[in-house]
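Asks: Starting off with a structure, shown below.
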Amino acid sequence: MKLERIDLQRIKIPLKAPFETSMGVETHKECILVRAYSGEHVGFGESVAMDVPVYNEEDVDTVWYMLEKYLIPQLFSREIEHPDDVSRLFSWMRRNNMAKAALEGAVWDVYAKQQGISLSQALGGTRTAIDVGVSIGIEPTVEALLARVDGFIRDGYKKIKVKIKPGFDVEPIRAIRQAFGPDVPLMADANSAYTLGDLELLKKLDEFGLMMIEQPLAHDDIIDHATLQRELKTPICLDESIHTVEDARKAIELGSCRIINIKIGRVGGLTPAKQIHDLCQSRQIPVWCGGMLEAGVGRAHNMAIASLANFTIPGDTSPSDRYFAEDIITPAIAFAKPGVLHVPTAPGIGVEVNEAALLRALVEHRSFFANQQSTTTHIPGW
Ligand code: OSB
Ligand code: MG
């Protein structure tokens, strides 16, 4: 496969409502769309880095920089046989997984379009429909949170995830259980807000029968999580701590978690995401697809990976209208029936970019051409 041109488009769209976590508050979705041109086909990718580096080390500008300086020139320098080659090609670069994933995802899409198959099929997905949950940010009051939960339960979401932080944890979880009963599939995500010093408090959450607690401890920890998991009945799910298939293997072997949240961007692309899925499947660790408040292109990629067999837990990949008044794809991603999305079957990501909506969101655009390489960047080993 030869790529002739790559476009980067920085976009910014308002969120319907602010999204607060223990890391901060988001009011807009800002990201980079990638278009990869090969022959008559165009593949799309979307970077999931946030506007500030609070979730991982990347932000929107570092993604642009890494793409422009290293990753695009390197992709132009080689003909690739298969999208699996891309993450291998980029493996010399430490981290910057979201930058790598944005470009790798666009190559996967163009590859699937060339083959005339859906991205789900190209990845070996077996599900035609996926169950989805919702991730609810920290609300100003417990009452406001209960109103949100009520609405999402009525909408049919298959998993309710609530963000917690010190001072907003046991009380809101207890209130949800009291209001909606023990059967609501409920979990909490702490985004690394606690330490082992909070053990007694975290143990209190055991009484609420949560599906799991996501990333309670430090973003770079798997040791203390293993200690904590031994003390808790509630399964721990790791998010921030898992960047590679090796991270996943070590966390599983240490007993740091019983579930893994897979985010394509966090792990550097669809190929590594699939590898982590396969490892977890072989170790009987269920996985689910996390979210980064993606716009439609990233959301379509998430649906494709979530169609793999071991994605047995509903993911955070809610429909477009949970986040945006206007998404940048058409048709917007919507429930086929309450709590269920149909995996697109058209070639590639199976959704079209709504160019008019994209122009309304566009902040910056740049095209790179394979035959106009001016860079002399030295890439080790290349
Ligand atoms: O920890 O899963 C997380 C959003 C941004 C950064 C980190 C996380 C999240 C979410 C939102 O929980 C998931 C979504 O609805 O996309
Ligand atoms: Mg999380």
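The values are calculated or read from the model by the stated rules, or taken from the named source; none is laboratory data. Given the structure is predicted, the values throughout are model-derived calculations rather than measurements. So basically every Cβ, Gly included, is an ideal-geometry build from the backbone, and we count neighbours across all protein chains shown. Heavy atoms of the whole protein, side chains included, go into the accessibility calculation; ligands, DNA and RNA do not. Shrake-Rupley method; radii C 1.70, N 1.55, O 1.52, S 1.80 Å.
Asks: With an 8 Å Cα cut-off and a minimum separation of 6 or more residues, compute the relative contact order for the chain in percent.
Replies: 23
Asks: Put a dot 7 Å past each Cα toward the Cβ at Q281 and A129; how far apart are the dots in nm?
Replies: 2.2
Asks: Long-range amide H contacts for L15: which residues qualify at under 5 Å (H placed 1.01 Å from N, peptide plane, sequence gap of 5 or more or a different chain)?
Replies: H28, K29
Asks: Rounded, prolate or oblate: which one fits segment 81-202, using the alpha carbon gyration tensor with axes a ≥ b ≥ c (rounded when a/c is under 1.5, else prolate when a/b beats b/c, else oblate)?
Replies: oblate
Asks: Set the Förster distance to 51 Å, then compute FRET efficiency between D155 and S91 from the Cβ-Cβ distance, nearest 0.05.
Replies: 0.80
Asks: Over the chain, average the accessible area per residue using a 1.4 Å probe and give it in Å², no decimals.
Replies: Per residue, the chain has 39 Å² of solvent-accessible surface.
Asks: When the Karplus curve 6.51 cos²θ - 1.76 cosθ + 1.60 is applied with θ = phi - 60°, which whole-Hz ³J(HN,Hα) does each residue of segment 129-137 get, with x for Gly and Pro?
Replies: The phi angles translate into 9, 10, 7, 10, x, 9, 10, 9, x Hz.
Asks: Then there is this: Debye sum, Cα scatterers, segment 121-349, no solvent: what log₁₀ I/I(0) at q = 0.17 1/Å?
Replies: -1.26
Asks: For a quick protection proxy, order the peptides 264-274, 84-94 by their average other-Cβ count within 10 Å, most packed first.
Replies: 264-274, 84-94
Asks: Quick one: which residues, 5 or more positions from V42 or on another chain, have an amide H under 5 Å from its amide H? H modelled 1.01 Å from N in the peptide plane, none for Pro or chain starts.
Replies: For V42, whose amide H was placed from the backbone, there are no distant partners under 5 Å.
Asks: Beyond 15 Å, what share of the Cα-Cα pairs of segment 89-129 remains, rounded to the nearest whole percent?
Replies: 50
Asks: Along segment 328-343, what does the Karplus equation 6.51 cos²θ - 1.76 cosθ + 1.60 (θ = phi - 60°) give for ³J(HN,Hα), rounded to whole Hz, x for Gly and Pro?
Replies: After applying 6.51 cos²θ - 1.76 cosθ + 1.60, I find 9, 10, 9, x, 4, 6, 9, 4, 7, 9, x, x, 10, 10, 7, 6 Hz.
Asks: Add +1 for every Lys or Arg and -1 for every Asp or Glu among the other residues with Cβ under 10 Å from the Cβ of L202, and state the total.
Replies: -3
Asks: In this model, which of K16/K113; K161/K337; K159/K337; K16/K69; K29/K163 are farther than 25 Å apart at the alpha-carbon?
Replies: Pairs exceeding the cut-off: K16/K113; K16/K69.
Asks: Along segment 158-164, what does the Karplus equation 6.51 cos²θ - 1.76 cosθ + 1.60 (θ = phi - 60°) give for ³J(HN,Hα), rounded to whole Hz, x for Gly and Pro?
Replies: Per-residue couplings from phi come out as 8, 8, 10, 10, 10, 7, 10 Hz.
Asks: When each pair of different Cα atoms in the chain is counted once in the 1/r mean, what is the Kirkwood radius in angstroms, to one decimal?
Replies: It works out to 20.9 Å.
Asks: Please report the net charge: other residues with Cβ closer than 10 Å to the Cβ of C31, K and R +1, D and E -1.
Replies: Every neighbour counted, the sum reads -1.
Asks: Now a separate question. Between D206 and E4, what is the label-point separation in nm under the 7 Å Cα-to-beta-carbon projection?
Replies: About 6.3 nm, to one decimal.
Asks: Could you point to the residue in A147, L217, L232 farthest towards the positive end of segment 120-256's charge dipole, with +1 and -1 charges on the Cβ of Lys/Arg and Asp/Glu respectively?
Replies: The Cα lying farthest towards the positive end belongs to A147.
Asks: Sticking with this structure for a sec: Hey, rough spin-label estimate for A334 and R78, points 7 angstrom out along Cα→Cβ, what's it come to in nanometres?
Replies: 4.2
Asks: Let me ask another. Given a 1.4 Å probe and every protein chain left where it sits, what share in percent of the accessible area of segment 121-349 is carbon and sulfur?
Replies: Result for segment 121-349: 52 percent of the exposed heavy-atom area is carbon or sulfur.
Asks: Counting each DSSP H run of 4 or more residues in the chain as -39500 (n - 2.57), what helix-only mean residue ellipticity at 222 nm follows after dividing by all residues, to the nearest 500 deg cm²/dmol?
Replies: After summing the helix terms and dividing by the residues of the chain, the value is -9500 deg cm²/dmol.
Asks: Also, quick follow-up: Report the net charge of residues surrounding T312, where surrounding means a beta-carbon distance below 13 angstrom and charges are Lys +1, Arg +1, Asp -1, Glu -1.
Replies: Here the charged neighbours net out to +3.
Asks: Indicate the gyration tensor shape class of segment 43-111 (rounded, prolate or oblate), computed on the Cα atoms with a ≥ b ≥ c the square roots of the eigenvalues: a/c under 1.5 is rounded; otherwise a/b larger than b/c is prolate and the rest oblate.
Replies: Judged from the Cα gyration tensor, segment 43-111 comes out prolate (a/c at least 1.5, a/b above b/c).
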